[in-house]
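Read the figures in this text as sums done on the coordinates, not as results from a lab. Everything numeric here is computed off the predicted structure, so don't read it as measured data. Glycine gets a Cβ as well: all are built from the backbone with ideal geometry, and neighbour counts include every protein chain shown.
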Amino acid sequence: MKTSIIKGIGYYVPENIVKNKDLEKIMDTSDEWIQERTGIRERRWVLENSDESTSSMGTEAAKKAIDNAGISPDQIDFIIFATLSPDYFFPGSGVLIQRNLGLKEVGALDIRNQCSGFIYALSTADQYIKSGMYKNILIVGSELHSGGLEKSTRGRNVSVIFGDGAGAVILQASDDLEKGIMSTHLHSEGKYAEELAVISPATKKWINKLVEDPDEDGSSYAPYMNGNFVFKNAVVRFMEVINEALVKNNLTKEDIDLLIPHQANLRISQFVQKQLALPNEKVYNNIMKYGNTTAASIPIALAEAIEKGMLNDGDILCLAAFGSGFTWGSALIRW
Ligand code: UT7
């Protein structure tokens with residue numbers, strides 16, 4: 001029997017900082033509105049003509065995770081790549097990581113679970129490790145949102161929220177059964193698929209029809225979000241799935257040493273924190289400086305929390321996410 005431990009972690013964010021004040025120049029919004037509703041002060045957006053991509057950012061994060069794990073790239077047995085903003089419609093970005101890192105011809109799996117993508121990837125990797133199939137799995141969550149956002153007043157309820165960045169971990173098989181992933185919990189509710197979605201390009205929209213359609217205004221290419229509705233579902237599902245993990249492991253909320261919620265909105269994180277009655281030092285948020293980086297948000301936040309010394313041996317770490325799909329999930333890890 002093996003358990004899965006996070007052996008290495010790394011993250012990468014583009015250099016270009018976009019402050020709320022910068023957005024005021026391109027759409028009808030304000031620093032005050034954005035901070036009050038989301039907590040975000042700034043985010044990273046790649047420069048429009050840069051060479052950066054979802055896979056290139058993921059590659060940088062992966063290099064750091066490999067280094068941090070103290071393994072060599074040829075020890076990686078499998079790649080799992082989570083994103084909603086892949087370089088290409090197909091193939092997925094996992095194979096680009098395999099190429100960029102010059103890895104052996106290991107398998108590369110792409111995960112399409114948006115804000116829950118990292119938790120889904122972690123859960124999948126955990127099963128491969130516990131079954132004995134793989135020893136070292138590279139998990140990457142990376143998003144280049146900025147190229148797909150509608151940076152105008154029409155798109156303001158979405159575009160002010162999302163940021164670019166990547167995080168990666170090496171999940172490793174361990175014989176120490178006292179440590180590692182205790183359980184993961186995954187859910188979906190597809191009846192709300194269109195409440196937070198990018199509809200095109202898609203096989204449901206025939207490409208020749210789109211080109212000919214005089215009514216096509218490009219809006220189906222930009223993310224749509226029913227913000228209020230997503231918010232209300234998020235706070236309920238976050239709590240449910242965290243409690244599910246605690247119950248499964250015979251723990252209570254008092255046992256959580258560190259909670260890292262997916263960084264969707266600071267108000268959502270604060271609501272969850274309040275419900276769990278956790279003090280500030282037991283919750284880590286960084287949405288203020290990066291915005292919502294979707295599949296990358298948990299590994300970036302976890303890497304920063306580790307840098308800040310917020311995790312000690314034996315601590316109970318809780319990760320939780322909710323997003324488009326709807327999909328949601330949690331993971332409990334003994335550090
Ligand atoms: O990570 C995946 C999951 N995503 C989430 O969990 C996001 C969940 N939702 C949210 O975070 C919030 O719903 C938002 C931050 C997106 C929006 O906040 P809200 O408090 O729900 O605002 P709202 O959508 O109800 O809009 C309030 C007003 C509207 O104007 P009217 O109709 O009251 O005149 C919007 O048009 O704010 C307007 N508005 C803006 N104003 C300035 C929407 N976006 C902006 C903006 N700047 N960027």
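Structural remarks
- Put in order of Cβ neighbour count within 10 Å, fewest first, the listed residues Trp328, Trp335 become Trp335, Trp328.
- Between Trp206 and Arg112, residue separation times 0.36 nm minus the direct Cα-Cα distance comes to 31.7 nm.
- Summing charges over all other residues whose Cβ lies under 15 Å from the Cβ of Ile71, with Lys and Arg as +1 and Asp and Glu as -1, gives +2.
- Each Lys or Arg adds one and each Asp or Glu subtracts one; over the other residues with Cβ under 15 Å from the Cβ of Lys308, this totals -3.
- C-alpha long axis of helix 117-130 to longest principal axis of the chain, angle in °: 30
- Sparsely packed chymotrypsin sites (Phe, Trp or Tyr not before Pro) within region 1-92, loop by DSSP, other Cβ within 10 Å at most 10: Phe89
- Alpha carbon centroid spacing (whole Å) that separates region 118-192 from region 80-110: 14
- Label point 7 Å beyond Cα of Ser50 along Cβ direction - residues of region 121-147 with amide nitrogen under 19 Å: 141-147
- Going from the residue with the fewest nearby Cβ atoms within 10 Å to the one with the most, Ser159, Ser131, Ser30 rank Ser131, Ser30, Ser159.
- Relative contact order (%) - criterion: Cα under 8 Å, at least six apart; region: region 3-176: 36
- Mean separation of Cα contacts under 8 Å (6+ apart) over length of the chain, as relative contact order %: 26
- Whole-Å distance, taken between Cα centres, linking region 286-315 and region 228-283: 15
- Among beta bridges from DSSP that stay inside the chain, the antiparallel ones total about 70%.
- Estimated at 0.36 nm per residue, the fully extended path between Asp176 and Lys289 surpasses their Cα-Cα distance by 37.1 nm.
- For Leu259, nonlocal amide neighbours, meaning residues 5 or more places apart or on other chains whose placed amide H falls under 5 Å from its own, are Val283, Tyr284, Cys318.
- Extension gain, Lys253 to Thr153: 0.36 nm times the residue separation minus the Cα-Cα distance gives 31.9 nm.
- Sorting Ser297, Ser50 from the fewest to the most surrounding beta carbons within 10 angstrom yields Ser50, Ser297.
- Sorting 244-250, 315-321 by average packing, meaning the other beta carbons within 10 Å per residue, from highest down gives 315-321, 244-250.
- Distance between the pseudo-spin-label points of Asp87 and Asp315 (7 Å out from Cα toward the beta carbon): 3.5 nm.
- FRET efficiency for Glu216 and Arg267, using Cβ-Cβ distance with R0 set to 41 Å, rounded to 0.05: 0.75
- Between helix 297-307 and the chain there is an angle of about 50 degrees, using the helix long axis and the longest principal axis of the Cα atoms.
- The chain: calculated mean residue ellipticity at 222 nm from DSSP helix runs of at least 4, using -39500 (n - 2.57): -9500 deg cm²/dmol
- Where labels lie 7 Å past Cα in the beta-carbon direction, separation of Glu15 and Lys104 in nm: 3.7
- GluC sites (Glu not before Pro) lying in DSSP loop within region 114-200, provided at most 10 other Cβ fall within 10 Å: Glu178
- DSSP-defined antiparallel bridges as percent of all bridges, region 3-176, nearest 5: 65
- Degrees between helix 266-276 axis and first principal axis of the chain (Cα, 0 to 90, nearest 10): 40
- Backbone geometry of region 190-204 corresponds, through the Karplus equation with coefficients 6.51, -1.76 and 1.60 at θ = phi - 60°, to 3J(HN,Hα) couplings of x, 5, 9, 3, 8, 6, 8, 7, 10, 7, 10, x, 7, 6, 6 Hz, x marking Gly and Pro.
- Structure note, pairs Lys2/Lys282; Lys191/Lys253; Lys21/Lys289; Lys130/Lys248; Lys19/Lys64: Cα-Cα distances above 23 angstrom occur for Lys2/Lys282; Lys191/Lys253; Lys19/Lys64.
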